[in-house]
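*Asks:* Quick one: the structure is below, questions incoming.
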Amino acid sequence: MYPLDVFIYENILHSHSHTALLGWIYNALFLAILYFYLPDKIGSTKYNLLFWLTQISIIGMLLTFAWQGYASFSIAFSTMHIFCTYAFIMFFLYDTKKLDQNSLPLKFITAGLFFLFLSSLGPWALVTVIMKGLAGTDLYSQVIYFYLHFQYNGWFIFSLIGLWLGFFHRRGAVFNPKHSANAFNTLFYSTIGTYALSLLGFKIPVFIWVIAFLSASAQLFGLRFLYILLFQNEAKVFFELPRLAQLLFRLCFFALLLKVIFQFLSVLPAVGSVAYINRDVAIGFIHLVMLGVVTIGLLGWYGGKGLINVNSILVKTGTLLFIAGLIFNELILFYPALVTWFGISPVTDSAYLLFILSLIMLSGTILLFSGNLKTKK
C-alpha cells in the first residue's frame, strides 16, 4: 500500500459514501418516481429547481467532504440536501393526493418517503450528540446506524419495490389483496424493528435482542409474500421483460433474499459478532444492499421501462462486467467471515484484488453509460 499525504483517507471515504448514496441512488429514485407517477411535472419549475439545488448540494458534499471531512462547509451542503429531501416529500405527497392512495405500489413509495424523512432525524441527532461532547461514543455510532438503516433498508428498498410493483401493475398485473396486505405490513413494521439489529454489537437489554429476532424473522415472511406478488402470480408480466432486465430483476431479488437471510443470521451471537468485529464483512453487507439490491434493481427497472437501451451490445457487456466484478468483490469482502468460522487461510493481497475488481466494475459502468449515449431515447 502507498499512503498519500495529499488526501486523508477518512475524508475520501465520507465523500465516497455521500456521493454514492445521494449522488447515484437518491437521484435515480428521485427521477424514476417522478417519471412514473408525475410525468407531467418533470419539466415544472419547482421540480426543475429542486433537482438542480439537489445537484449543487451533492457536488458540494463531494468536494468538501474530500477536502475537510465533517466540518462547516460539508455540514452546510449536507443540511441543504436534507431540506431538498423535505421539499421533495412535500411536493410529491401534494401532487399525488388525487391518486389512489390504497394502490400497493404507491403505498410502498409513500412508505419509502416516510423512511427517508425518518432517516433524516439521524443527522440532526448527530449534531446534538457532537455538541454534547459525545463524539466517538456508542451513542454517536448508534445515531449513524439509525440514519443508514432507514436509508438503505427503508427509503431505498421500499421505493425500489414500489417502482417494480408499479411497473407490473401498469402492465396488467392484479395483486392479491391478502398477499398485498401481508407483504406491505410485514415488511414495513419489520423494517422499523430491525433497527435493533444495528444495536446488537453494543451492550443492550435482552428485550432489544428479542425485537431484533422477531423483526428479522418477520422479514423472511414478508419477503415470501413479496415473491408471490412479483413472480408466481404475475409470471406472464415478468417474462414480457427484455432478457437483460429479467436477469437484473432476478439478481436484485436474490440479493434481497441474501440480505434478509444475513440479517436473520446476524441475530445469532456467533454469526453477528463477525460483522461487528470485521470491517470487510460490514462493508460487504452494505455493498450487497447498495449495489446488489438497489443498483441492480434500478438498472433492471430503467431497462424494463426502455430508459436504458438493454439491446445495445455495449450496455449488455458493461452490465455483465459490472455484475461479475460485484460478485467477486462480495466474495472477497465476506471471505474473512469464513476465515473466522472455519479457520481457513485468509486471502493475501485482498486490497489489490478489490482494487482490480473496482476497475472492472468501473469499466462496466463506463460501457453501460456509453451504450446509452448512442440511443435517441
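*Asks:* With the cut-off at 1.5 for a/c, could you classify region 146-223 from its C-alpha gyration tensor as rounded, prolate or oblate? Working shown, then result.
*Replies:* Details: a/c = 4.69, a/b = 2.03, b/c = 2.31.
In terms of gyration-tensor shape, oblate.
*Asks:* Taking the Cα centre of the chain as origin, work out the dipole magnitude from +1 charges on Lys and Arg Cβ and -1 charges on Asp and Glu Cβ, in debye rounded to 20. Before the final figure, lay out each step's value.
*Replies:* Details: 21 positive and 11 negative charges, 233 e Å.
With Lys and Arg at +1 and Asp and Glu at -1, about 1120 debye.
*Asks:* While we're on this one: Tell me which of Leu200, Asn185, Tyr227 sits at the most positive position along the dipole axis of region 140-283, charges placed on C-beta atoms (Lys, Arg +1; Asp, Glu -1).
*Replies:* So the residue furthest toward the plus end is Tyr227.
*Asks:* So, one more: Holding the Cα-Cα limit at 29 Å, pick out from Lys178/Lys259; Lys98/Lys316; Lys41/Lys107; Lys97/Lys259 the pairs that are longer than that. Could the numbers behind the result be given before it?
*Replies:* Values: Lys178/Lys259 25 Å; Lys98/Lys316 39 Å; Lys41/Lys107 20 Å; Lys97/Lys259 33 Å.
Pairs exceeding the cut-off: Lys98/Lys316; Lys97/Lys259.
*Asks:* Per residue, how big is the convex hull of region 242-377 when only Cα atoms are used? Give it in Å³.
*Replies:* Working: hull volume 13.0 nm³, N = 136.
Per residue, the Cα convex hull of region 242-377 comes to 95 Å³.
*Asks:* Can you give the Rg and Dmax of the chain based on its C-alpha atoms, in angstrom?
*Replies:* For the chain, the Cα radius of gyration and maximum Cα-Cα distance read 20.6, 60 Å.
*Asks:* Taking the beta-carbon count within 10 Å as an exposure proxy, list Ser198, Ser159, Ser72, Ser217 from fewest neighbours to most.
*Replies:* Details: Ser198 19, Ser159 28, Ser72 8, Ser217 15.
Going from sparsest to densest Cβ surroundings: Ser72, Ser217, Ser198, Ser159.
*Asks:* How many angstrom lie between the Cα centre of region 282-296 and the Cα centre of region 149-199?
*Replies:* When both Cα centres are located, 17 Å separates them.
*Asks:* How big is the gap, in Å, between the Cα center of region 105-128 and the Cα center of region 22-53?
*Replies:* 18 Å
*Asks:* Can you give the translational diffusion coefficient of region 141-288 in µm²/s, computed by Stokes-Einstein from the Kirkwood radius over Cα pairs at 10 °C and 1.306 mPa s? Intermediate results must be reported in sequence, preceding the final value.
*Replies:* On the way: Rh = 16.3 Å.
In µm²/s, the coefficient rounds to 97.
*Asks:* May I pose another question? Given the -39500 (n - 2.57) contribution per DSSP H run of 4+ residues, what per-residue ellipticity at 222 nm results for the chain, rounded to the nearest 500 deg cm²/dmol? Let's see the in-between values first.
*Replies:* Working: 16 runs with 270 residues, N = 377.
After summing the helix terms and dividing by the residues of the chain, the value is -24000 deg cm²/dmol.
*Asks:* Using Cβ contacts closer than 10 Å as the measure, can you line up Thr128, Thr79, Thr295 from fewest to most? Show your work: numbers first, answer last.
*Replies:* On the way: Thr128 11, Thr79 14, Thr295 25.
Going from least to most buried by this count: Thr128, Thr79, Thr295.
*Asks:* To continue, here is another question. Just report the Cα centroid separation between region 323-339 and region 355-375, whole Å.
*Replies:* Each part's Cα centre sits 20 Å from the other's.
*Asks:* Within a 10 angstrom radius of the beta carbon, how do Val210, Val129, Val260 rank from fewest other beta carbons to most? It would help to have the intermediate numbers written out before the result.
*Replies:* Numbers: Val210 13, Val129 18, Val260 21.
Ranked by crowding around the Cβ, least crowded first: Val210, Val129, Val260.
Since every read-out is calculated from the coordinates, none of them should be taken as a lab result. Everything numeric in this text was worked out from a predicted model, so none of it was measured. Neighbour counts are summed over all protein chains in view; Cβ atoms, including those assigned to glycine, are modelled from backbone coordinates with ideal geometry.
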